[in-house]
Each structure stands twice: as structure tokens, then as C-alpha cells.
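**Q** Below you will find the structure I want to go over with you.
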Amino acid sequence: MHQKEAQTIKPAAVVTSSDDDHSNEVVPLNERRGPATLGLLWITMVCGFPSVLAGFAWFKAGLTMTQTLQAVGLSCLLLMAYMLPSCYLGAKSGMTYSLLSRQIFGSWGSRLVSANLVWVSIAWYGLTASFLATALKDLYHLDTPMWLLGAILAVLMGFNNYFGFSGIANFARYFAAPVMMAWVSFTFFKVLGSCPTSVLTVAPTVPFSQALALVSSFIVGYSVWGNEADYWRYGKPSKMLTTLPLALSLLVGQFVFPITGWMLARVTGVVDADAATNLMTTYSFGGITILSALVLAVSYFATNDSSLYGTINGIQNIHHFPRRRTVTVLTILGATTAALLPNAADSFVAIAGISSFFLPCATVVMLVEYFCFCRTDTERNVFSTVKAMEDLPAVNLAAVIALLSGYVVGIGTCGVIPALEQWHVGLCSLQSWLTCGIVYFILRVVEKSRSAQMKRSD
């Protein structure tokens, strides 16, 4: 990576890099963070109380411990196959997800990618605030209307983003990640001693294909962000320093967390989500609800820090606004979403299904371009320089067609649209990723072949 080649887009107003959080330029190498910071941040982004509740749901669905372990392992391998190159691309380029999309998709194609980032992230933001509102209402039996409580919490969750990447990274590193890891690790080892080893030999009653689909739909939908570059652009461009934090975060967030939930359901017989929240309070904190509320708040606040951060970068690619004003407006929009969302558990299925391919498909296209077609220094400049929108073609057809192809397959197979239920088969995320990647590869090969023929004819 040649940092000196990076071009900075200067807005009309004079804005310093620190105020703008490098949202329109490559992050300088001297401002990159170490693997500990990125790893702790990522733990808060793939770990959360919904992962514990997922373990309860898997036990309720009839999955055995062996099936759960196998399905979790395969799902995490699938995640690593996607996340490792996507996070490394962010660290190597130093650019946001939206900036990376400019030269690949064209000016209006990039705006489409950024617009999808905005609405998907805001949907997650509102959903996460609703999850916390539900948990607090169950813990304290509050009379406050759910819509109002969710909106209030969403407003409070926007605070750390006023301080840019440092705000969310420091909250994750010094507070959120240690608290969450200590809580679930304590619960994990406590219940491990109560769970009999015979659970490993129980005969399955659910086909493994069904178990894998259930587990993977949650793990991929919850853990894949799609815009990994927004965060890993602050990482050091090293494959090893990217791999280790990712592997650790998945081990904690998508192995220890859900397995803890499964074992608690097996030991106690509790499978209802509301009862599971109260059980964690009793089992982990001896019924001290203030501790449970604090840990849950830390978990959900950290997740929404990251959701809002990605949304801001998407907005800045569409049109530059003062960062703090953008944070305020997006926080209000997130609070409105939290107030309007129906039941959080029902909304989760739809949002997780859609987000598992809407944002990652664009990243898959970028990865195919980077690993398959960047052979010369000129071609690699796509991932080391930032071009102004006016210097780009409106649309790069190969990329946009591939993206839309992935969307069609994802929407058709994710089960969100009732009329398409008969097409709800397989893993919608994997199918959509493969579709857009294959379509883009074929179109780019044809495109390069035609270009070569034109050069020969000239």
C-alpha cells in the first residue's frame, strides 16, 4: 500500500481529518490501531445477548449438543472464509466500505451501495435498541410503553459516535468487551460443571441439514456486517494481525455465547426467551438485576455504536455533512425506527436474513476484483486511491448487474416474502454471495476480453 498515492476529497467547508474521521480519505498508517484494539472492538460486534438466546432456541428446536457444535463450527468456517479477506481488504486499503465501492461500481453505483448501508444499519440500530428495551422491561417489569423506551435508549446510544472511531473503539476496548467476556465466561464455566457429558452421545431427532440451516442463518445473519472495511481500515495491513482477532472474536461470540445458552436450557429446562433473560440474571448474578441490566446495556450499546458508525460513513459518501450534525440526525432516525418496529424477535428474523446478503454482496464483488483482476500497479490503484465522484463513470455495469443478481437470489431464498416461501431453501447468504461473485467474474472476463480485442484491432 502506497499511502502517498492516496487522494483526499476536500469538501467545500474546511474540515480537518480528525474532525471528519478520515471518512473521505485513506487512514494514514501512523493512525492505525493494533490487533488488541480491533479484536476487542470486533468481539463487541459479533458477541451479544442474542447469541446466548440463540442457544436456548436451538435446544428448543431439538438440536443435540453434537449437532450444535458441528453446525457452529461449519458456520464459523464459512464466516472466516468471507470475513478474513473482507477485513484484510479494509486494512490493506485504509478506505471505508463506501469509498472502496466508488471505482468498482461507479458514482451512482457507489451511492446505491452506500444507501443500502444506511438503511440496513439504521434497521439494526432500531432493532438493537428494541432488544434492550425488551430486556429491561422484563427485568424491571416497567410500565413504560415499549416504543417510548426503545426510542429513549436509541437516543442515548448515539453518544460515542460524536468522538469518531476513537469513541467506539475505546468504549469497546476498555469497557464493553471485558465486561461481556467476563460475564459469559463465568456463566459458561459455571454451567459446564452442571451439564452431563452424556449430552455428547444423545441421538439426533432433527436432520443435520435442518440444524445447519437454523444455526447458520443466525450466525451469519448476526455476525456478518458486510461493511467490515469501515472498521478494519484502522487496522494494520497484516494478514496475521487480521486473522488472530477475527478467530478469537468468533470463538467467544459464536461458540462460547450460544453454547452457554444451550447448556443452560439443557440444565434448567428454560426455553422461552423472556424467561431466559431472567434466568441469566439469577444464574449469573444471583438475582441482582442492576448487574444484569448493566451488562445487557453495555452489550447493546457497543453493538449500536458500530451500527451508527457505519451509517455515518455511508452518508458521507453520498453527500458530505458536518459529522456531529450527521450523528444527531441519524440517532433521531434510529430512535424513530426503534419506536416503529414491531416485536423485536419477529423483526430480527427479517433484518438478519436481509442484511446477510445486502451489504456483503457488494464486498464480494470488491474481493473478486481485488484477488482476480488486480495484476498491475494501475489496476491496484483502485484499492489505494480515492477518486472524486465527478471523475467516475455513472455506473460500472458488470458490478451493478452482479450486485443485483445477488440481491435477487438472496431475496428469493431468504424467506422474508411469504409468496416466495417455496424458494426458501439452503443458505440464502452463501447462495447470494456465490451468485454475485460468479456473475461478476464472468462479466469482467468478457469485459477484459473485449478490451483486449479492441486494443489488438487498433
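The values are calculated or read from the model by the stated rules, or taken from the named source; none is laboratory data. All values reported here derive from a predicted model rather than from experimental measurement. As a convention, Cβ positions derive from the backbone with ideal geometry for all residues, glycine included, and neighbour counts pool all protein chains shown.
**Q** Only one of (1) touching a residue at least 60 places away in the same chain (Cβ under 8 Å); (2) of a type in the set (Ser, Thr, Tyr); (3) over 19 Å from PHE301 (Cβ atoms); (4) assigned to a helix (DSSP H, G or I) is not met by SER194, so which one is it?
**A** (4)
**Q** Quick check on my filter: what residues within the stretch 420-458 are farther than 19 Å from ALA398 by Cα and either loosely packed, with under 11 Cβ neighbours inside 10 Å or among the β-branched types (Val, Ile, Thr) (or both)?
**A** Passing the criteria: GLU421, GLN422, VAL425, LYS455, ARG456, SER457, ASP458.
**Q** Working only within the stretch 147-173, note down all residues that are assigned to a helix (DSSP H, G or I), of a type outside the set (A, V, I, L, M, F, W, C) and under 14 Å from ALA302 (Cβ atoms).
**A** ASN160, ASN161, GLY167, ASN170, ARG173
**Q** Which residues, taken from the stretch 276-304, are of a type in the set (S, T, N, Q) and either buried (at least 18 other Cβ atoms within 10 Å of the Cβ) or in contact with an Asp or Glu (Cβ under 8 Å, 6 or more places away or on another chain) (or both)?
**A** Result: THR277, ASN278, THR281, SER284, SER292, SER299, THR303, ASN304.
Residue-wise test of (1) in contact with a helix residue (DSSP H, G or I) (Cβ under 6 Å, 6 or more places away or on another chain); (2) under 14 Å from SER75 (Cα atoms).
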position	(1), (2)
PHE218	yes, yes
SER223	yes, yes
TYR231	no, no
LYS236	no, no
PRO258	yes, yes
VAL295	yes, no
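**Q** Hey, among the residues in the stretch 197-238 that are polar (S, T, N, Q) and either in contact with a strand residue (DSSP E or B) (Cβ under 7 Å, 6 or more places away or on another chain) or closer than 23 Å to TYR300 by Cβ (or both), which one's modelled with the highest pLDDT?
**A** ASN227
**Q** Considering only residues of the stretch 198-217 that are of a type in the set (Val, Ile, Thr) and part of a helix (DSSP H, G or I), which is surrounded by the most Cβ atoms within 10 Å (Cβ to Cβ)?
**A** Only one residue tops the list, namely VAL215.
**Q** Out of curiosity, is VAL386 crowded, with 17+ Cβ neighbours inside 10 Å and outside any helix (DSSP H, G or I)?
**A** yes
**Q** Looking at LEU403, LEU430, which one is farther than 20 Å from VAL113 by Cβ, in contact (Cβ under 8 Å) with a residue 60 or more places away in the chain and part of a helix (DSSP H, G or I)?
**A** LEU430
**Q** Out of the stretch 46-67, which residues are surrounded by fewer than 24 Cβ atoms within 10 Å (Cβ to Cβ) and either farther than 26 Å from ARG266 by Cα or of a type in the set (Ser, Thr, Tyr) (or both)?
**A** THR64, THR66 - these are the residues of the stretch 46-67 that are surrounded by fewer than 24 Cβ atoms within 10 Å (Cβ to Cβ) and either farther than 26 Å from ARG266 by Cα or of a type in the set (Ser, Thr, Tyr) (or both).
**Q** Assess whether THR134 counts as being assigned to a helix (DSSP H, G or I) and surrounded by fewer than 22 Cβ atoms within 10 Å (Cβ to Cβ).
**A** Criteria met by THR134.
**Q** Sticking with this one: Report those helices (runs of 4 or more DSSP H) wholly inside the stretch 234-352 carrying at least 3 residues which are in contact (Cβ under 8 Å) with a residue 40 or more places away in the chain and more than 21 Å from the chain's Cα centre (by Cα).
**A** Filter on the stretch 234-352 gives 257-268, 273-285, 289-318, 323-340.
**Q** Those residues that are among the β-branched types (Val, Ile, Thr) and under 17 Å from GLY193 (Cβ atoms), I need them from the stretch 261-281; list them, please.
**A** Selection gives VAL267, THR268.
**Q** If ALA394 passes every condition in (1) part of a helix (DSSP H, G or I); (2) over 20 Å from the mean Cα position of the chain (by Cα) but one, which one does it miss?
**A** The single condition ALA394 does not satisfy is (1).
**Q** Take CYS361 and tell me if it is free of Cβ contacts under 8 Å to residues at least 40 places away in the same chain and under 18 Å from SER86 (Cβ atoms).
**A** no
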